[in-house]
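This report concerns only the one structure given below.
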Amino acid sequence: MTNMNTFRFRKFKVYQDSLKFRKEIRYLIDTYFPKKELYLLSDQLLRATNSVILNIAEGTDRSTDKDFANFLNKSQTSINEIVSCFDIALVDNYISEKVHDDYLFKAIHLVDQLTAFRNKLLKFPSK
């Protein structure tokens with residue numbers, strides 16, 4: 001039987017919040033985006049969202065905190081991509097300004113968590 005403590009990333013709040021954010025983005029796409037976007041903007045948005053989650057998980061097994069912090073930075077750059085997708089969706093009238101602002105607020109919350117986590121790792125790095 002696998003020791004569940006092996007997957008320590010599952011305990012991180014930012015990881016759990018990123019999973020929730022992905023679920024909300026899935027709802028956003030299913031509710032607001034036209035079917036013609038299924039393999040275009042919708043796909044890009046989901047891939048960027050998955051990248052946030054996957055980089056947190058992958059970074060956990062790095063040998064140093066500095067390496068892990070680099071993966072958290074990659075997660076943050078994927079959030080920048082998500083925000084750009086939101087901007088495109090707004091310009092293309094797939095979402096309202098209110099929906100746009102709501103998701104930007106959620107994205108900012110994740111960025112803040114990632115930044116704090118990364119700063120903590122870099123302030124107290126493992127050897």
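Couple of notes before you dig in:
- Out of 72, 122, 110, one residue alone is within 27 Å of residue 7 (Cβ to Cβ), at pLDDT below 95 and in contact with a helix residue (DSSP H, G or I) (Cβ under 7 Å, 6 or more places away or on another chain). It is 122.
- Test: residue in the range 101-114 that is more than 19 Å from residue 12 (Cα to Cα) and surrounded by fewer than 12 Cβ atoms within 10 Å (Cβ to Cβ): yes
- Residue match in the range 57-65 (condition: of a type in the set (Lys, Arg) and assigned to a helix (DSSP H, G or I)): no
- All of (1) crowded, with 18+ Cβ neighbours inside 10 Å; (2) outside any helix (DSSP H, G or I) hold for residue 93 with one exception: (1).
- Check on residue 19, at pLDDT 95 or above and either more than 20 Å from residue 87 (Cβ to Cβ) or more than 15 Å from the chain's Cα centre (by Cα) (or both): yes
- For the condition within 24 Å of residue 37 (Cβ to Cβ) and part of a helix (DSSP H, G or I), residue 83 qualifies.
- Any hit, the range 51-59, residues being loosely packed, with under 14 Cβ neighbours inside 10 Å and either free of Cβ contacts under 8 Å to residues at least 24 places away in the same chain or within 23 Å of residue 123 (Cβ to Cβ) (or both): no
- Only one of 40, 46 that is within 23 Å of residue 100 (Cα to Cα) and without any contact (Cβ under 8 Å) to a residue 12 or more places away in the chain: 40
- Test: residue in the range 22-41 that is closer than 19 Å to residue 111 by Cα and not in a helix (DSSP H, G or I): no
The values are calculated or read from the model by the stated rules, or taken from the named source; none is laboratory data. What you are looking at is a predicted structure, and each value in this text was computed from that prediction instead of being measured. Positions of Cβ are generated from backbone atoms using ideal geometry, with glycine treated the same way; all protein chains shown enter the neighbour counts.
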